[in-house]
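Since the structure comes first, as structure tokens, the remarks are kept for the end.
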Amino acid sequence: RLGKKREFTIRLIYRSVVVAVVCGISLAIPYFSDFLSLISSLACVAMFAIIPVVCYLKLYGHRVAPWYEKIWMFVVLAIGAVACIWGSIDAIKSLIKDTKSG
């Protein structure tokens, strides 16, 4: 086991390297913010809206859930799908606009 001071130093160096690598990537990739918004619109909606419903259905099955839970799950999936599509379209439009403008 490492001492507290040594462990703090290792964590500080590790965090600094991670931040430097992320900054380097963001500077190297043109239009990184638009690309990141596309990735986040796909990943965040899936992670917070679609995957929990699918996992719940996989764990408990659709036969166990009462009708009102099924309706609620459908609503959550529908809103998640609309948000995913809407965010993706907006991010793609921003990428196209930025690449055309230079």
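The values are calculated or read from the model by the stated rules, or taken from the named source; none is laboratory data. The structure displayed is predicted, hence computed values, not measured ones. Every residue, glycine among them, receives a Cβ derived from its backbone with ideal geometry; neighbour counts consider all protein chains shown. To get the accessible areas, we keep the full protein, side chains included, count just its heavy atoms, and leave off ligands, DNA and RNA. Shrake-Rupley method; radii C 1.70, N 1.55, O 1.52, S 1.80 Å.
Values as computed for the structure displayed
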| quantity | calculated |
| --- | --- |
| Centroid-to-centroid separation of segment 1-18 and segment 65-90 [C-alpha atoms, Å] | 43 |
| Accessible-area order (highest first, 1.4 angstrom probe) of the listed residues Ser37, Ser101 | Ser101, Ser37 |
| Most to least accessible of Ser41, Ser33 (protein chains only, probe 1.4 Å) | Ser33, Ser41 |
| Residues Val82 and Lys58, FRET efficiency given R0 of 25 Å [Cβ-Cβ distance, rounded to 0.05] | 0.65 |
| The chain, relative contact order in percent, only Cα pairs under 8 angstrom and at least six apart counted | 41 |
| For the chain, projected area of the alpha-carbon convex hull averaged over all directions, nm² | 10.7 |
| Largest-first principal axis extents of the Cα set of segment 14-70 (Å) | 50, 27, 13 |
| Candidate residues Asp90, Asp34: accessible-area rank, largest first, probe 1.4 Å | Asp90, Asp34 |
| For segment 1-59: accessible area per residue (Å², 1.4 Å) | 84 |
| Residues of type lysines that Lys4 reaches as a straight line, Cα spacing below 17 Å, ignoring anything fewer than 8 places off in the same chain | none |
| Note, ³J(HN,Hα) from phi for segment 23-37, Karplus 6.51, -1.76, 1.60, rounded to Hz, x at Gly and Pro | 5, x, 5, 5, 7, 7, 8, x, 6, 5, 5, 5, 5, 5, 5 |
| Residue-level accessible surface for Thr99, protein heavy atoms, 1.4 Å, Å² | 80 |
| Accessible-area composition of the chain, carbon plus sulfur, in percent [1.4 Å probe] | 74 |
| Lys97 accessible area, 1.4 Å probe, all protein chains in place, Å² to nearest 10 | 130 |
| Per-residue SASA entry for Val17, accessible area with 1.4 Å probe, Å² rounded to 10 | 80 |
